[in-house]
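A.B. asks: Please find one structure pasted underneath; my questions will follow.
The values are calculated or read from the model by the stated rules, or taken from the named source; none is laboratory data. Keep in mind that what you see is a predicted model, and the values were worked out from it rather than measured. When we count neighbours, we look across all protein chains shown, and the Cβ atoms used for this are built from the backbone with ideal geometry, even at glycine. Ligands, DNA and RNA are excluded from the accessible area calculation, which covers all protein heavy atoms including side chains. Shrake-Rupley method; radii C 1.70, N 1.55, O 1.52, S 1.80 Å.
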Number of protein chains: 6
Amino acid sequence: MLEDYVPTGIPGVDKILAEKGIPKGHTILVSGGPGSGKTTFAIQFLYMGATQHNESGVYVTLDEEPGDIRKNMLNYGWDMKRLEDEKKLVFINVSPVRVTPSETGLIQIGMKEFRLIKLLEAIKRGVKEVNAKRVVVDPITIFTLQYPNEVERIYAMRDLLRDLRQTGCTNLMISELRGTGWEREHQFEEYLTQGVILLRTFLKGSRMVRVFQAEKMRGLAIDNQPRPYEITAKGIEVYPSATVYK
Amino acid sequence: MLEDYVPTGIPGVDKILAEKGIPKGHTILVSGGPGSGKTTFAIQFLYMGATQHNESGVYVTLDEEPGDIRKNMLNYGWDMKRLEDEKKLVFINVSPVRVTPSETGLIQIGMKEFRLIKLLEAIKRGVKEVNAKRVVVDPITIFTLQYPNEVERIYAMRDLLRDLRQTGCTNLMISELRGTGWEREHQFEEYLTQGVILLRTFLKGSRMVRVFQAEKMRGLAIDNQPRPYEITAKGIEVYPSATVYK
Amino acid sequence: MLEDYVPTGIPGVDKILAEKGIPKGHTILVSGGPGSGKTTFAIQFLYMGATQHNESGVYVTLDEEPGDIRKNMLNYGWDMKRLEDEKKLVFINVSPVRVTPSETGLIQIGMKEFRLIKLLEAIKRGVKEVNAKRVVVDPITIFTLQYPNEVERIYAMRDLLRDLRQTGCTNLMISELRGTGWEREHQFEEYLTQGVILLRTFLKGSRMVRVFQAEKMRGLAIDNQPRPYEITAKGIEVYPSATVYK
Amino acid sequence: MLEDYVPTGIPGVDKILAEKGIPKGHTILVSGGPGSGKTTFAIQFLYMGATQHNESGVYVTLDEEPGDIRKNMLNYGWDMKRLEDEKKLVFINVSPVRVTPSETGLIQIGMKEFRLIKLLEAIKRGVKEVNAKRVVVDPITIFTLQYPNEVERIYAMRDLLRDLRQTGCTNLMISELRGTGWEREHQFEEYLTQGVILLRTFLKGSRMVRVFQAEKMRGLAIDNQPRPYEITAKGIEVYPSATVYK
Amino acid sequence: MLEDYVPTGIPGVDKILAEKGIPKGHTILVSGGPGSGKTTFAIQFLYMGATQHNESGVYVTLDEEPGDIRKNMLNYGWDMKRLEDEKKLVFINVSPVRVTPSETGLIQIGMKEFRLIKLLEAIKRGVKEVNAKRVVVDPITIFTLQYPNEVERIYAMRDLLRDLRQTGCTNLMISELRGTGWEREHQFEEYLTQGVILLRTFLKGSRMVRVFQAEKMRGLAIDNQPRPYEITAKGIEVYPSATVYK
Amino acid sequence: MLEDYVPTGIPGVDKILAEKGIPKGHTILVSGGPGSGKTTFAIQFLYMGATQHNESGVYVTLDEEPGDIRKNMLNYGWDMKRLEDEKKLVFINVSPVRVTPSETGLIQIGMKEFRLIKLLEAIKRGVKEVNAKRVVVDPITIFTLQYPNEVERIYAMRDLLRDLRQTGCTNLMISELRGTGWEREHQFEEYLTQGVILLRTFLKGSRMVRVFQAEKMRGLAIDNQPRPYEITAKGIEVYPSATVYK
């Protein structure tokens, strides 16, 4: 049943995802290093949804300001403002507001601003506003880092994922990769989400090579091989038939 | 005595397990990374038990919701719902219920929901309900992580294993692998369970290769060599005669 | 003086131990990973002592239940029950008994059950009962882990070793190896015991290879080279003339 | 639109930055090891701005004293004093003043001196004084280290970056690299800033090679390959067409 | 001046030590892994001193019991008892005495037994008793481990070394190596003592090779190259002209 | 201007330092492993200053006693006593004095002895006494280790460096290297001082090779390549034209 999958619309990606896309209603982790194009990937997912598949989107930013994103995405020829005007996209800024340090403890306030319930309310409001089918939270790292220990982080992330489900949307959680090597510790988010896409960069001889890998996609027989990708003038492009040598 | 072993029914696995299967009544750890097919392996074990060996099963989920699992498993042609209707399978959802943060401490409640005694009661209820011979707990990581230090985790895991024994069932504990390298720290669960199966993925030249390894199986002269496996349209398939080069 | 050494009776091992065996009265650490055959090695030591050298043995288990061990060892043709009936072997189960969590703190109780004095009393009782010459504690890891820091673990282990000496028996302490690589941190037990035997498994090309190594044996000019071993239908067999390439 | 980019004026760098420079108003992290020329890079950015692009600059030092920097930069033929007299550059020294230990706790005072609000006031004062378009904070490490844990560091850095934005200036944050290897943990600052430039040194055969890498530059299709650079008599020079072999 | 050096008398070692030996009055760290022959090296130093250079010795044991050492050393043909009778050697056992746990805290007592002042008194008593010129403390690790943090360990070790000096003796501190690799963290004792000798074992192809290395020897132009050594029927023998390949 | 640089007088070093030496008034970190000749390097710097450049020196020892250093340096033909008599050198011993443990806490006292203000007073007294132009603190590690956390260590080191400046002297801070590999974590002292010289030892094939590297020297275009060095009968000798292969 084709209607059970959400095509990303990102060149090469849907081919890797069993020629289908992301299973509808699933939440996928997109994890990458600095400069790996995580935000470009996320916006491209929403832009292609809005322009090619008639699916509105919500972009929840915990870090970069909407104005910056709008401007940067123009470089790929993506006019976010127009989509917003057409009610096909809504930006939600939940980055913490600083409170004068003399009044209250800086971090305490930051944490309250971010707490789970506010984040969920913001997402639901956005989904309702544009009748969204796709949601991005970028980066989820800022959200989980506020919890002091790993168990609390896991519980908070599980709660978030559970509530996200009820929206019926297909979601990307953007996360920041810790290390730069092929061998690494798995992050707990990789186990909690229903799919994991890695955007990494490795040194091969004298060149940095960008590597896309669909590590996991529940309910789908994906190609889990590492594949080269580039950030072109038109956004992310993955080469699903090319190979990457270590 | 053939009746002392429980065939997994998973292609290639029983050949590796001395052409027999898992010793009856034993608890086996199945540890793998994200996307390695741990849940598929576990369900396949229950499905083959129910359909080929007339052994009912209990699937205790601490993470994914039964509805999702039922749906995903249809991809392999496994109709869980039918097995449930025929009383050959029961799903038990013991994932923690969120309580409104304003009422009580979020994690405290989560922990109470999960405590050992509840988990055991749930398993016993399920075993009784379908007269089960096979039990899966997926993933055990969520259970052990609630205990603040390693010693407490060991004791809790031992207690769980001891009580599981009394059910007479043959059990799989699904666990999440920490790292991605060939060299790694052993997890304490590997020492506490009676068998260990590893489902890993390694980069070999330009390809990710899936590697099955029966690391340990008490009372059985197993093949402990790394063997390639695939996740096919019919579930996990292990190739017991093929070799994996580092 | 031949009577100063205790032959292990395990094929290949005594050849490595200067064609003699373990110095009488010494305590040897046997450390290995999951599935490396540590318990098989330990039981084989006791079984060969009882059947070939007329030395009774005590097997103290802190983990696996005697019934399971008896059953598993039958696979090697070793009839533990008969040895027990002939007063050539005694099993002592000192694994901690769980107390209802509502009554007392779970771990506290566990620790009390295990405390040094109880462990020693149990060993001495067993030694007296069968006039034992050989003692195995399996695994010692469970004992040391209860002590909260490294210094306390060292002292507890030293105390245990000191008292074990007074029994006059030759002893094996079974321990669980932490990592899987050739390079590793030494465990403190390696320094406290009078001998160290390592049972490890390494990937060599496409194969896991089992490697026996006598790392240390006070008062004996041993062969400290890595040697291949196998777990056969007759138990552990070490090949003292074969070499292992990294 | 050319006026949207700030050319660094450093030989080879603007070519790598898409033949443009740093996006106006962005804050870029420049991270390097000891002796990698971080301060030279930063001053060169301000000097070229003042002498070739008519953009005044503010240099905030948290470590080295202005007098030392002035003297060292003369080696490259850069006369800082003259720029200061011409109101094209201002040095701001916010390194912490020591207070007699007998009076107050040493570190407490140091922390107060450094607190965010003071740092921001100093920057704003400097920007106003010379109508600056470029700002350097060197090194930001001293600022972030005062915060006891990672979450607080992230929040403090975010706050700093947010306020820096309001100045409209284009900014370099100088940071100290932790390790010397190709594989490394990403620092959180790499995720918070809009661009990352790495200045590293690697051993290649018998030689240390200096390696420049533009890891990230939001909104710009940069060359992210590692490129050799040298510290010459005229300052930093990057070779954008040369390659670096591992 | 030849009388300023103390020949170890161990075959091959003095050649490496500039054909002289250990500078008189210095304290040398001898660090090695389990089974590396540290105690053999130490006793050989005392035995050769007593039998070839007419220098009495004190052996302070913090771990192994004198009776065991006497017995083990007979394997090398070294009759400790005779040396003791001739007042050329004295064994001092300062290993901690266990106190009944019910009376006092186990570790507290152990620590008191070990405290610096007792250790020094014991050494001085021994030196006086046989008019010793050589002292061995084996292993120093047990002494330093009682101090809860690194700074306290450094101070305690410095104090010990300072007082040891006043005896005028030439001393060996035996220490336990942490890891098994060529690359390692330096232990603080290496910086505090006036010389460092490493006894290690590395896997080379299919063989474990024993490697002696004089890492440091203040005031002496030593050969700091790795050299093979063996534990023969006559004790340690180092081959100062042979090379060890990595 | 030649008078702005202080030649070290150590064979090969000044050639590496742009044929000049250390910039006058700068503080340089000299970091090396055990036996790398750090103290020899430091004394050679003072000895050459006093005998060839008419610059008196202060040697502050936090570890080794002056008598030992005097004696060891005679091996290189350096007569420290004569320099002291001629008021060209002064030794200052600020190593902590032990206080009877029964009176006060051992470590507390040690820390007071060492506190910053005392160290500075001692240095200033020494500088005044011989009108010194060169100062060595050996090892600075003992000083920084007393501060319980990294931030306090950084502040204390910065304070020390700032006050040292006011003396107008050119200074070497001797520090102890943590690890033995090519890849390592940078120590914070490398960022705080104006220059960094590394004295390391690496295994190359079958040989340990001593490697000198000027990692950083503010305001000077140095040769930062690794260069072999030896500890000869005349002290340290660096070979500035030779190469070191990894």
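A.B. asks: Measuring from a point 7 Å out along Cα→Cβ, what nm distances, shortest first, does D:His186 have to its partners in the other copies?
C.D. replies: Those separations, rounded to one decimal, come out as 2.0, 2.0, 3.5, 3.5, 4.1 nm.
A.B. asks: Moving on. Roughly how crowded by other chains is peptide A:182-195, in terms of the mean Cβ count from those chains within 10 Å of each of its Cβ atoms?
C.D. replies: 4
A.B. asks: Also: Rounded to the nearest 20 Debye, what is the dipole magnitude of the range C:1-86 about its Cα centre when Lys and Arg each give +1 and Asp and Glu each give -1 at the C-beta?
C.D. replies: Approximately 220 debye in magnitude.
A.B. asks: Follow-up question, since we're still on this one. Can you show me the helix-derived [θ] at 222 nm for the protein assembly as shown, built from DSSP H runs with n ≥ 4 at -39,500 (n - 2.57) apiece and divided by the number of residues, rounded to the nearest 500.
C.D. replies: Rounded to the nearest 500, it is -10000 deg cm²/dmol.
A.B. asks: Quote the accessible area belonging to F:Glu183 in square angstrom, nearest 10, computed with a 1.4 Å probe and with ligands, DNA and RNA left uncounted.
C.D. replies: 110 Å²
A.B. asks: Further, regarding this structure: Count, for each residue of A:42-51, the Cβ atoms from other chains sitting within 10 Å of its Cβ, then give me the mean as a whole number.
C.D. replies: Mean shielding by partner chains, rounded to a whole number: 0.
A.B. asks: Can you give me the Rg/Rh ratio for the range B:1-65, using Cα atoms for both radii and the Kirkwood formula for Rh?
C.D. replies: Rounded to two decimals, Rg/Rh equals 0.96.
A.B. asks: Using a cut-off of 17 Å between alpha-carbon atoms, which lysines can reach C:Lys234, once sequence neighbours fewer than 8 places away in the same chain are excluded?
C.D. replies: Qualifying lysines at Cα under 17 Å: C:Lys38, C:Lys71.
A.B. asks: Still on this model: With +1 assigned to the C-beta of every Lys and Arg and -1 to the C-beta of every Asp and Glu, and no other charges, what is the dipole magnitude of the range F:127-190 about the Cα centre in debye, to the nearest 20?
C.D. replies: Computed about the Cα centre, the dipole is about 340 debye.
A.B. asks: Quick one: putting +1 on the C-beta of Lys and Arg, -1 on the C-beta of Asp and Glu, what dipole do you get for chain A around its Cα centre, in Debye to the nearest 20?
C.D. replies: That gives a dipole near 220 debye.
A.B. asks: Could I ask something else about it? How many percent of Cα pairs in chain E exceed 23 Å?
C.D. replies: Everything past 23 Å amounts to 49 percent.
A.B. asks: Under a 5 Å amide H to amide H cut-off, with H placed in plane at 1.01 Å, what residues pair with C:Val6 once short-range neighbours are removed?
C.D. replies: Those lying under 5 Å, H to H, from C:Val6 are C:Ile22, C:Lys24.
A.B. asks: Considering chain E as a Gaussian network with a 10 Å cut-off on Cα pairs, which listed residue, E:Leu116, E:Leu172, E:Leu46, attains the greatest mean-square fluctuation?
C.D. replies: With Cα springs under 10 Å in chain E, the top fluctuation among E:Leu116, E:Leu172, E:Leu46 is at E:Leu116.
A.B. asks: Further question: For chain E, what are the DSSP H helices with axial Cα length of 24 Å or more and mean Kyte-Doolittle hydropathy of at least -1.0?
C.D. replies: Sorted by number, the helices that extend far enough and score high enough are E:150-166.
A.B. asks: Once you average over the residues of F:225-237, how many Cβ atoms of partner chains fall within 10 Å of each Cβ?
C.D. replies: For this peptide, the per-residue mean of nearby foreign Cβ atoms is 1.
A.B. asks: Probe radius 1.4 Å, ligands and nucleic acids ignored: give me the carbon and sulfur share of the accessible area of the range E:1-70 as a rounded percent.
C.D. replies: 48 percent
A.B. asks: Heads up, I need the accessible area for E:Lys20: 1.4 angstrom probe, whole protein in place, Å², nearest 10.
C.D. replies: 80 Å²
A.B. asks: Right, here's the next one. Rounded to the nearest whole Å², what accessible area per residue is found for the protein assembly as shown with the 1.4 Å probe?
C.D. replies: Accessible area per residue: 38 Å².
A.B. asks: Please report, as a whole percent, how much of the solvent-accessible surface of the range B:162-235 comes from carbon and sulfur atoms (probe radius 1.4 Å).
C.D. replies: Carbon-and-sulfur percentage of accessible area, whole number: 45.
A.B. asks: Of B:Ile117, F:Ile197, which has the most accessible area and how do the rest follow, probe 1.4 Å?
C.D. replies: B:Ile117, F:Ile197
A.B. asks: If you don't mind, another one. Considering only protein heavy atoms, what is the solvent-accessible area of F:Ser31 at a probe of 1.4 Å, reported in Å² to the nearest 10?
C.D. replies: Per-residue accessible area (F:Ser31): approximately 0 Å².
A.B. asks: Measuring nothing but label to label, 7 Å from Cα along Cα→Cβ, what are E:Gly168's distances to the other copies in nm, shortest first?
C.D. replies: Distances to the matching label points in the other copies: 4.8, 4.8, 8.3, 8.3, 9.6 nm.
A.B. asks: What net charge do the residues around E:Ile10 carry, taking every other residue with its C-beta under 11 Å from that of E:Ile10, with Lys and Arg at +1 and Asp and Glu at -1?
C.D. replies: 0
A.B. asks: Which percent, nearest 5, of DSSP beta bridges in chain E are antiparallel?
C.D. replies: Approximately 40 percent, going by the DSSP bridge assignments.
A.B. asks: Can you list the lysines whose alpha carbon is less than 19 Å from that of F:Lys124, not counting same-chain residues fewer than 8 positions off?
C.D. replies: Qualifying lysines at Cα under 19 Å: F:Lys24, F:Lys87, F:Lys88, F:Lys112, F:Lys133.
A.B. asks: Between E:Tyr239 and the same site in the other copies, what are the distances in nm, shortest first, taking label points 7 Å from Cα along the C-beta direction?
C.D. replies: 2.6, 2.7, 4.6, 4.6, 5.3
A.B. asks: Taking the dipole about the Cα centre of chain B, with the C-beta of Lys and Arg at +1 and of Asp and Glu at -1, give me whichever of B:Ile123, B:Leu203, B:Leu161 is farthest to the positive side.
C.D. replies: B:Leu203
A.B. asks: Looking at the range F:62-87, which residues lose a minimum of 20 Å² of accessible area between their chain alone and all protein chains in place, measuring with a 1.4 Å probe and not counting ligands or nucleic acids?
C.D. replies: Residues of the range F:62-87 that lose at least 20 Å² of accessible area once the other chains are added: F:Asp63, F:Glu64, F:Glu65, F:Asp68, F:Lys71, F:Asn72, F:Asn75.
A.B. asks: Taking only C-alpha pairs under 8 Å that are 6+ residues apart, what is the relative contact order of chain D in percent?
C.D. replies: Normalised by residue count, the contact order of chain D is 29 percent.
A.B. asks: Determine the total buried accessible area between chain E and chain C, counting protein heavy atoms only with a 1.4 Å probe; round to the nearest 100 Å².
C.D. replies: The contact between C and E buries close to 3400 Å².
A.B. asks: Check C:Val209: other-chain or 5+ apart residues with amide H under 5 Å from its amide H, H built from backbone geometry?
C.D. replies: Result for C:Val209 returns C:Phe202, C:Leu203, C:Lys204.
A.B. asks: For chains C and D related by rotation, which residue of C has the Cβ nearest the axis, and what is the rounded distance in Å?
C.D. replies: Axis relating chain C to chain D; nearest Cβ residue and distance: C:Glu183, 9.
A.B. asks: Give the shape of the protein assembly as shown as rounded, prolate or oblate, defined through the alpha-carbon gyration tensor: a ≥ b ≥ c are the square roots of its eigenvalues, a/c under 1.5 means rounded, and otherwise the shape is prolate if a/b is larger than b/c and oblate if not.
C.D. replies: Taking the square roots of the gyration eigenvalues as a ≥ b ≥ c, the protein assembly as shown is oblate.
A.B. asks: Quick check: with the 1.4 Å probe, what order do D:Arg165, A:Arg210, E:Arg125 take by accessible area, largest first?
C.D. replies: E:Arg125, D:Arg165, A:Arg210
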